[in-house]
Amino acid sequence: MAQKKMVEAITSMNEDFTKWYTDIVKKAELVDYSSVKGCMVLRPYGYAIWENIQRILDNQFKETGHENVAMPMFIPESLLQKEKDHVEGFAPEVAWVTYGGSEKLQERLCVRPTSETLFCEHYAHVINSYRDLPKLYNQWCSVVRWEKNTRPFLRNTEFWWQEGHTMHETAQEAVEETERMLNIYADFCEKQLAIPVIKGKKTDKEKFAGAEATYSIEAMMHDGKALQSATSHYFGDGFARAFDITFTGRDNKLAYPHQTSWGISTRIIGAIIMTHGDDNGLVLPPAIAPVQVVIIPIAQHKEGVLEKAAELRDQLKKAGFRVKLDDSDNTPGWKFAEYEMKGVPLRLEIGPKDIENGQCVLVRRDNREKAFVSLDQLESELPKQLQAVHNGLYQRALNNRTEKTYTAQTFEELKQIADEKNGFIEAMWCGDVACEEKLKEEAGVTSRNMPFEQREISDKCVCCGKPAKKMVIWGKAY
RNA sequence: CGGGGUGUGGCGCAGUUGGUAGCGCGCGACGUUUGGGACGUCGAUGCCGCAGGUUCGAAUCCUGUCACUCCGACCA
């Protein structure tokens, strides 16, 4: 039925993916821009998504023995400079505080871009013996990186994240921790966010400043571009040496502990938007949706409709669902569009006819499938429907990734694919950074990671033809 | 840091050769509506980003400046 458009539609994703993205971010009321470039206001709906993400992950961190702490937001310049690679990596993008009140500071302070140095300073104070290890700390906070080009969630000047920093007695333990946390992130993405990810190791060129090894999970967005969704770093004892963190070992000898850090940021919300969203708006995976079921009363002025709707809301809330009843006097059609825009996984319609029949209508956000459900069975039906939405989203995302994953044996082949489309390109690599740089300059792709699950596409490097060491996923990234 | 764009009610925009600001949506009240973004009537909301300049007169012309935004190079 042709309706007069009361609100201009969002830009179609095929027409302009970037504009589509910002339209959604604004119209789904996730963020507002603030007066500082790149600093966004996380509005209640956006923040509620982040809170759900925090709650789930925080539980997992605690289940695996981690404790939360809070570190200062300022780092004195001298502290930041202790580890050479680290400061080289971050110095270009830190914000500096040079005045305290009206006094010029003796030493300028940087606003933390990440907190390795702060944790190290503290660890030097509290680690004395192998009995003090491991230290498994995490903090939820925001950090600041002075980015040139900013986009809500994807690249902010200030963004919210979680950073875990751990210290271990042995290298082995630290490596295991790095893997454990990467797995937690990967499971979280796949089982809660319905985003399939590829686990792998970053090349030296792409690894974290100061790390010995960086592992990442890479997701593919709807447009075929890659988004690094979380990282986990193994530091060896490099920072420990730089910060003079030592402990007395079981053999009564002084030793350096082995360190890790790992993080996931509000950027993951950008991944959710770009993985699941469609031309009607946001689509949220049920596990983190602030509202899982929205109840829309039909002909709500009629006797008994609102009462029944409120009764259902209370019943479902009590049963543990995140549910909202919209009894505003907007028309049902308006409400349908509104909650589709906001990505609510399930819509429950209840009107006079339904009440008469002891039923309601459930509509899935992912595919708009409609089901009539008897009110007696609603509580048992909802989890199934939510799971179905989750599965539908995961499958669709996986299909998209499969469709847009290519393999290349030669440079020409790779370049042609990269020129023509976005996607993951699987190709072999000799391990030489020169080849990596050439692929970036001439084909416009960067190495995403070297997947743990390797396939031997050929025995030669896609770039130079020398013997290949690893299969690498190449692509354009956010 | 380079290149583009935009700053006018809450939002989106229009504003001619300079003449003292308008439209749509939203918002408030009332009434009619209500299974895919309803309609009518009435109403409220403006230092035209900021600072200079030209002019009898500037949203409009000039200079400067600030901010946001998009595209590149750098990055979670």
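Results, tabulated for the structure shown:
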item: Selection from A:L193, A:I24, A:Q162 lying farthest towards where the dipole of chain A points positive, charges on Cβ; result: A:I24
item: Selection from A:L346, A:T331, A:I298 lying farthest towards where the dipole of region A:293-382 points positive, charges on Cβ; result: A:L346
item: Two-decimal Rg/Rh across region A:405-475, once Rg and the Kirkwood Rh are taken from alpha-carbon atoms; result: 0.91
item: Contour minus Cα-Cα distance for A:S102 and A:T331 (0.36 nm per residue); result: 76.8 nm
item: Within region A:228-307: Cβ-based charge dipole about Cα centre, in debye rounded to nearest 20 (Lys, Arg +1; Asp, Glu -1); result: 400
item: Hz values of 3J(HN,Hα) by residue in region A:18-28 - Karplus curve (6.51, -1.76, 1.60), Gly and Pro given as x; result: 5, 5, 3, 4, 5, 4, 5, 4, 7, 6, 7
item: Where N is the number of residues in chain A, Cα Rg divided by 2.2 N^0.38 Å; result: 1.10
item: Positive dipole terminus of chain A, leading residue within A:A124, A:T203, A:W474 (C-beta point charges); result: A:W474
item: Computed [θ] at 222 nm, deg cm²/dmol, chain A (DSSP H ≥ 4; -39,500 (n - 2.57); rounded to nearest 500); result: -10000 deg cm²/dmol
item: Mean shadow area of region A:17-276, taken as a quarter of the surface of its Cα convex hull (nm²); result: 14.7
item: For A:I195, residues with placed amide H under 5 Å, excluding near neighbours; result: A:E190
item: DSSP beta bridge pairing in chain A, given as percent antiparallel to the nearest 5; result: 80
item: 10 Å binning of all Cα-Cα separations within region A:293-382, expressed as whole percents from 0 upward; result: 17, 56, 26, 0
item: For region A:152-234, the fraction of alpha-carbon pairs in successive 5 Å shells from zero, as %; result: 3, 13, 21, 24, 22, 11, 4, 1, 0
item: Test item: Cα-centred dipole of region A:293-382, Lys/Arg +1 and Asp/Glu -1 on Cβ, debye; result: 320
item: Extended-chain gain in nm, criterion 0.36 nm per residue less alpha-carbon gap, A:V41 and A:K466; result: 148.0 nm
item: Spin-label pair A:E356/A:K26, simplified geometry with 7 Å Cα→Cβ offset, distance in nm; result: 4.5
item: For chain A, size of Cβ-based charge dipole, Lys and Arg +1, Asp and Glu -1, in debye; result: 420
item: Where labels lie 7 Å past Cα in the beta-carbon direction, separation of A:W140 and A:D204 in nm; result: 3.9
item: Distance histogram for region A:59-140 (every C-alpha pair counted, 10 angstrom bins, percent rounded to whole numbers); result: 15, 39, 32, 12, 2
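Read-outs throughout are calculated quantities, based only on the coordinates presented, and are distinct from any laboratory measurement. Please read these numbers as outputs of a predicted model, since none were measured by experiment. Backbone-built Cβ (ideal geometry, glycine too); neighbour counts: all protein chains shown.
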